Amino acid sequence: MNNLTKETRLTLLYIAVAFLFSVALRMIWFYNFSEYEPFKFNSQFMINTNDGYYWAEGARDILSGVTQENDLSPITTAASQLTALFAYILPFSFESVILFMPVFLSSLVVVPIILIAKSLENLELGLVAALLASIAWSYYNRTMIGYFDTDMLNIVLPMFLLWSIIWAVKTNEDKYLIITAIDILIYRWWYPQSYSLELSFFGLVLLYALIWDRKNIYNYKLLAIMMLAMIGLEGYIRAILVLGVFYICRQKQFDRYVYYILGASIVLFFASGGFNPIWAHLKGYVFKDALSVAEGGLKLHFYSVVQTVREAGHIPFEMFANRISGHVVTFVVSVAGFIYLAYKHKIMLFGLPLIGLGFLAYVGGLRFTIYAVPVLAFGAAFLITEAARFMPSKRLKFLAVTALSMAVLYPNIVHIQEYRVPTVFNADEVEVLDTLKNRVDREDYVVAWWDYGYPLRYYSDVKTLIDGGKHSGAVNFPVSFMLTNPQNVSAKMARLDVEYTEKSFIKEELGKDKNLTIFSNIEEMTKAYGFSDTNDFLLSLQTDIKLPKKTRDIYLYLPYRMLDIYPTVEMFSNINLMDGKMKKHPLFYLSKMFKQEQNIVNLGQGVLFDMQKGTVIINNQTLPIKRFVQTSYDKSMKFSKNIQMANPASDITIIYMSSFNTFLVVDEKTYNSLYIQLMVLEEYDKTLFEEIIMTPHAKVYRLKV
């Protein structure tokens, strides 16, 4: 340590301070809920993001060495592999590893921030920027304790890439050529969707080379090695090419070949399909369509999942600004500060791809805001350190930096204290999944909406039809159809979809050699049963059609929490698949905030229930109700319901789930849906289903057919 320069010691000190600050703020959630048992299972805190269970499943299977064919377990992904490594070498439980990994890995973002500031010869700038970026609103939200997802390194790695590019251009040292390439290789390994950002960095370096430093051969070496690291080939092939070109770039006698290598790398990039995923990414988040048309002879129309994902929707400016900098004022200061910083240090313009991707959030969804956080943090920090320069003494300078830093940190710290996000499931719900695990086979399927797919696979070790990654309109349609249609047709669809899913795995294997393409299970079913119109096939499910041979058991997981998203679930099958036209939405209204005055129950949004007259006012129209249903659980958790018929000719039913303090207003189609009948009313056809687990929080049935 004594051999280190004063600047190096100060750099390490600032990194340590910023890192510990980031970790400490992320521990607030842990201490807030330290005694809250519903967030724990087997005395261990659970994670608070659905996708985390995907990576956890892969890591679990890597450690156990057990996985079944076609179970979709991500054992080959970087997040699962790194998690398995940490769980193997660290003396902590697996649950503790996945809970705390985001805390420590995401806090590493302070390292490249301070190293970039070092290149600008302003370490105080780096410290303030690191403190702000590490806890800024959206970055904290997506990297807090328990948010076990790829986001824990998704900003760290591109910031290291930005650092290596800045130092490469600034110093022209050969070592930064290989460091930049390794950054890209690791980033792509960790997050395969990193191609857009990598290509943006490449474009900026190219502009820099052509406009400001055209004759410097080093810039073209950097471009060539970056492009080879980005081509659409396997990682080990890219690594070999990178090492080979790095060797050539270090030999001065080969400088005349650099331009040819760069040209060849660009050709190879497009020839290897390097641009294809970038275009697909843009279509998904920028040029969003409500419908997607599946390939195949029938050209079926499916509802696009992007339309229902909150993270992919337009967000208001105030939320946009808050998520990037913590407050609108801080955001404006950050933008102004970055412009001034870029004017003073043009090298910081290489941070524009991160800002650009962050600003895409304004139209592409809030998930992108985290990319702009660290670079704009430099802007606010630069204005703070510049303002401090006018102080007449070191003491006043220190006080000015401290006071102004606290001003920009304060709204973010307040947000962290108030952001008490729950775990994905509570302990009672996980108890259901854990019990289910002991009653099913690993080859069995559990039908549930995609929100619950990953936790189901993790806790129950079963197969699912849809999950957080497999949820296109084509695969969502059958599950939506099962959950929102009557029991008899839903049971048939469940058997059909599971068996056709298994058949598709076989066909995909054959297709590797025979160029066979799988379109969608619904199209396959339609053709197999001799129909050319999918609507006719769906109507045939009401008759006694011959079902495929049963190869495994199917279970239905029906949680109470799905009530909140029932309209979204229903939307995916409420469509004419042949022409893409949406059908009239059935009535479904949920109220957990209501007020009763004598015989009138105000359910909110102008919906009034007259208990004495048996009528309901909807959209200023008074309508009779068909029935009033009240459900409840006694102290021993025994379920009961009371049905009072009112006007048999009506189409409207009101359900009061007294134990949940929840009112439902539904029409007959919704009332007769599988989800309402089996989960809300426990009314099921015993020839089709049997009870497996029955709790207020979730119910599990087994399909008999």
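The values are calculated or read from the model by the stated rules, or taken from the named source; none is laboratory data. Remember, it's a predicted structure, so these values are computed and weren't measured experimentally. Ideal geometry is used to build each Cβ from the backbone, glycine not excepted, and the neighbour counts take in all protein chains shown. Surface accessibility is based on the protein's heavy atoms, side chains included, excluding ligands, DNA and RNA. Shrake-Rupley method; radii C 1.70, N 1.55, O 1.52, S 1.80 Å.
For the reader, a short list of remarks on this structure follows.
- Rounded accessible area per residue of the chain, 1.4 Å, Å²: 44
- Alpha carbon centroid spacing (whole Å) that separates region 572-595 from region 190-224: 48
- As a rough guide to protection, the peptides 216-222, 621-627, 30-36 ranked by mean Cβ packing within 10 Å, highest first, stand as 216-222, 621-627, 30-36.
- The convex hull of the Cα atoms of the chain, projected and averaged over all directions, covers 37.0 nm².
- Degrees between helix 78-89 axis and first principal axis of the chain (Cα, 0 to 90, nearest 10): 80
- Percentage relative contact order, the chain, counting C-alpha pairs under 8 Å, at least six apart: 11
- Estimated [θ] at 222 nm from DSSP helical runs (n ≥ 4, -39500 (n - 2.57)) normalised by residues in the chain, nearest 500: -16000 deg cm²/dmol
- When Rg and the Kirkwood radius Rh are both evaluated on Cα atoms of region 560-655, their ratio Rg/Rh stands at 1.03.
- For the chain, the longest principal axis of the Cα atoms and the long axis of helix 427-437 meet at an angle of about 80 degrees.
- Highest mean packing comes first when the peptides 412-421, 344-353 are listed by Cβ atoms within 10 Å, giving 344-353, 412-421.
- Equivalent ellipsoid of region 1-126: semi-axes from √(5λ) of the C-alpha gyration tensor, largest first, are 35, 19, 13 Å.
- Calculated P(r) tail over 16 Å for region 622-705, as whole % of Cα pairs: 55
- Cα extents of region 607-669 along the three principal axes, largest first (Å): 41, 24, 21
- Of all accessible heavy-atom area on region 509-655, the percent that carbon and sulfur account for (1.4 Å): 49
- Computed over the alpha-carbon pairs of region 437-591, the distance histogram in 5 Å steps reads 2, 8, 17, 21, 21, 16, 9, 4, 1, 0, 0 percent, short to long.
- Against the empirical curve 2.2 N^0.38 Å, the C-alpha radius of gyration of region 196-276 lands at a ratio of 1.05.
- Hits among lysines - C-alpha to C-alpha of Lys252 under 26 Å, sequence gap 8 or more where chains match: Lys170, Lys175, Lys215, Lys221
- Bins of 10 Å, starting at 0 and running to the largest distance - Cα pair percent for region 126-195: 19, 40, 33, 7, 0
- On Cα atoms only, tilt of 123-135 relative to the major axis of the chain in degrees: 0
- Positive-end ranking of Phe660, Ile617, Ile75 along the dipole of the chain, with charges on Cβ about the Cα centre, is headed by Ile75.
- Protein accessible area in region 108-191, 1.4 Å probe - carbon and sulfur %: 62
- Based on Cα atoms of region 323-404, Rg over Rh with Rh as the Kirkwood radius reads 1.05.
- Partners for Lys704 among lysines (Cα-Cα distance below 17 Å; same-chain residues under 8 apart left out): Lys492, Lys546, Lys549, Lys550, Lys686
- Note on Lys626: lysines with a C-alpha under 24 Å away, same-chain residues under 8 apart excluded, are Lys583, Lys584, Lys592, Lys595, Lys613, Lys641, Lys669.
- The Cα-based radius of gyration and maximum Cα-Cα distance (Dmax) for region 87-163 are 13.7, 43 Å.
- Across all Cα atoms of region 551-599, the radius of gyration (one decimal) and Dmax (whole number) stand at 16.6, 56 Å.
- Note on the chain: with charges restricted to the Cβ of Lys and Arg (+1) and Asp and Glu (-1), its dipole about the Cα centre is near 1740 debye.
- Here region 371-512 has an Rg and Dmax of 26.7, 82 Å, counting Cα atoms alone.
- Positive-end residue, the chain charge dipole about Cα centroid, Cβ charges, pick of Ile98, Gly244, Ala361: Gly244
- Atom-type composition of the exposed protein surface of region 356-396 places 66 percent of the accessible area on carbon and sulfur (1.4 angstrom probe).
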